[in-house]
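**Q** Please see the structure below; I have some questions.
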Amino acid sequence: MKELQKLTKDQLYSKLKEGSESFYSAVFPALENNFFTENSLDEDSFAEFLEMLDEETAEKIRESSLNINHDEDIPDILLMENETGTSLNLVTDEGEGYKIILVEDDIQLSGNLFIEDYVVLIISGSLKAENIIVNGSLYCSGNISCSTLFGASGNDNETWIGGSIMAALVAENGHYTVVEGNIYSRYSISFHNEITGKRGKFIENISMERASDTALLNPEILDDDGYFDEEFFLNFINSNSPQALFR
């Protein structure tokens, strides 16, 4: 992807608001709660805590609290342009911290889209790809079309879709998926959190919503104890159709 501009938080919110009030309203609370809300110490409680400690330890903690740099926790916010039509891997370098990426256009890929834990992708438009793997968070104002949408077990992150999704498989393993429109899919797998279609959820074949349903799955994506294995699953869908996931 090509970086066009670094944004401030206010610039990001302004761009989202200009594009769509409803999209802004969905993205704003998530970003504020996760990245921009200051967790300031309650001074009275902190003072009481220090009184419980010996003088030397209390002084060390007091000095450390004064040296905390909250700016280091603020993610980089980047306005970017997608230049590829094949696959896209959105990752961070070691020590980089969180990254919020805004794309003000549709993204169309013939291959896969991968979003790492430390990445939040915001698309003001629609998204089309073969397999979409979301470890971080994905916010898309339009429709999504793919073979597989998978919300991985990355710290209860989320995928929010302003339109509808058309897929062969919609799955999660500890990830919230909210679709403001309809979900149209042949298969659905939901082990821990929720996959919600606010206007409707239409699953043509198999819908799995309990961990005990793993008996329906291909043994190649299960571990030695018969539980769903995320790594096996990701490797499997790279070379097999969603239908092959099931017995």
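**Q** Rounded to the nearest 500, what is the 222 nm mean residue ellipticity of the chain from helices alone, with -39500 (n - 2.57) per DSSP H run of 4+ residues and division by all residues? Display every interim value, and only then the final one.
**A** Values: 5 runs with 51 residues, N = 247.
My calculation for the chain gives -6000 deg cm²/dmol from helical runs alone.
**Q** Here is a further query. Match the structure shown to one of the listed values (1) 40, 19, 16; (2) 32, 19, 16; (3) 36, 24, 17 of semi-axes √(5λ) of the Cα gyration tensor in Å, computed from it, and give that label.
**A** Read-out from the structure maps to (3).
**Q** Sorting Ser239, Ser124 on the 10 Å Cβ count, fewest up front, what's the list? Show your work: numbers first, answer last.
**A** On the way: Ser239 7, Ser124 21.
By the 10 Å Cβ count, ascending: Ser239, Ser124.
**Q** If each residue's Cβ is checked for other Cβ atoms within 10 Å, how do Met1, Met52, Met208 rank with the fewest at the top?
**A** Sorted ascending by nearby Cβ count, the order is Met52, Met1, Met208.
**Q** For the residues Asp106, Asp10, what sequence is obtained by ranking on other C-beta atoms within 10 Å, fewest first? Walk me through the numbers before you get to the answer.
**A** Numbers: Asp106 15, Asp10 8.
Least crowded to most crowded, the residues run Asp10, Asp106.
**Q** Might you report the magnitude of the Cβ-based charge dipole of the range 83-219 about its Cα centre, with Lys and Arg at +1 and Asp and Glu at -1, to the nearest 20 debye? All intermediate terms of the calculation are to be shown ahead of the outcome.
**A** Numbers: 7 positive and 18 negative charges, 125 e Å.
With only Lys, Arg, Asp and Glu charged at Cβ, the dipole is about 600 debye.
**Q** Modelling each spin label as a point 7 Å along the Cα-to-Cβ direction, I'd like the Phe232/Asn205 distance in nm, to one decimal.
**A** So the label points at Phe232 and Asn205 sit 1.9 nm apart.
No value in this document is a laboratory result; all are computed from the given coordinates. Remember, it's a predicted structure, so these values are computed and weren't measured experimentally. Cβ: placed from backbone, ideal geometry, glycine included. Neighbour counts: every protein chain shown.
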